[in-house]
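Here is the structure we will look at.
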Amino acid sequence: LVDAIATQVGVALIQAESYANLEDLNEQLEALDRTRSNLVAITGHELRTPLSTIQVCLESLASEPDMSPELRQVMLNTALADAERMRNLIQDFLTLSRLESGRVEWNSEALSINECIELAISNVRSRLSQKKLPQIVNLTPAELPLVQADGEWLVEVLAKLLDNACKFTNSEGQITIAAKPKVGNKLEVTITDTGRGIEPNRLETVFERFYQEEGALRRSAGGTGLGLAICRQIVKNWGGKIWAESEGRDQGSQFHFTIPVFNEGLGDNQATAEFN
Ligand code: ADP
């Protein structure tokens, strides 16, 4: 009888625990659902704006056959720019979703930070080749230790931060990029620009999805408002930190992130755990 009661109590305890877990799970699912609805609403709004512009342009082109060639060109360019914006938005949104849901397979490679920086600089230069860019200077010393990360994603972070620095700095300004060793077996990479700067109370907000200082309707600089959210997810994956510093408006900005140093003696997971 004692055994039977003990078994019953055991079963009841296990059930109670799984009910508690179920409640937790339910709460988590509800939170996830709320996030998803918010995202769908925001994305819908963000996509509708360029879509409406494209529609207005195409309707004018269709209904006004006598439109001047100059105005026709303006309409076409506007529609094309907004189509490009929609494409970038969808691409960034899908990238962020993949990163957040853990559906990305990460490589763990020993990488030269200098080579990654040079690759990111040339990516940005060729992507923005039509624009006159500020001077970009790489001040990273040659003899730094290798880092441990996924090379493609590391170059993506560097390129996005450089891209922003170029967008928010006029062509007379300067962008410097440098890496240095930090305690705890890591490197810190810093991208400094002499551009528009960020208000001190916005230094965290800039990493939120869809945050853009100009607001949704005045995106003179282009972009999707998802770049820094993507960078944060990537850096989080290798156990690093990313943050912004600025003295305020027109004082330039600095973006920093940390990355683990490659440790030959350790397996991938151990290396990440040690870094954490
Ligand atoms: P996007 O650049 O596509 O707008 P991001 O997520 O990369 O989106 O950046 C969010 C916002 O943070 C930008 O719209 C801008 O307001 C601000 N920001 C990012 N980088 C810089 C920078 N280097 N200088 C000034 N402001 C910046």
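Quick look at the values:
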quantity: Checking S101 against (1) within 29 Å of N170 (Cβ to Cβ); (2) free of Cβ contacts under 8 Å to residues at least 24 places away in the same chain, the condition it does not meet; calculated: (1)
quantity: Residue that is nearest to the ligand (Cβ to nearest atom) [pool: residues in the range 185-197 that are over 20 Å from Q135 (Cα atoms) and not charged (D, E, K, R)]; calculated: L187
quantity: Selection count, the range 201-235, where residues are among the charged types (D, E, K, R), more than 15 Å from T43 (Cα to Cα), at pLDDT below 95 and surrounded by 13 or more Cβ atoms within 10 Å (Cβ to Cβ); calculated: 3
quantity: Breaking point among (1) more than 7 Å from the ligand (Cβ to nearest atom); (2) part of a loop (DSSP other than H, G, I, E, B); (3) of a type in the set (D, E, K, R); (4) modelled with pLDDT under 85, for R249; calculated: (4)
quantity: Condition broken by E70, with the remaining ones in (1) exposed (fewer than 12 other Cβ atoms within 10 Å of the Cβ); (2) within 27 Å of C231 (Cβ to Cβ) satisfied; calculated: (2)
quantity: Residue among E143, E156 that alone is free of Cβ contacts under 8 Å to residues at least 12 places away in the same chain and out of contact with any Gly (no Cβ under 9 Å at 6 or more places or on another chain); calculated: E143
quantity: Hey, V2 modelled with pLDDT under 75 and closer than 30 Å to I90 by Cβ or not; calculated: no
quantity: Residue match in the range 100-112 (condition: outside any loop (DSSP other than H, G, I, E, B), within 16 Å of the ligand (Cβ to nearest atom) and closer than 18 Å to V235 by Cβ); calculated: yes
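The values are calculated or read from the model by the stated rules, or taken from the named source; none is laboratory data. Quick caveat: nothing in here was measured; it's all calculated off a predicted structure. Cβ: placed from backbone, ideal geometry, glycine included. Neighbour counts: every protein chain shown.
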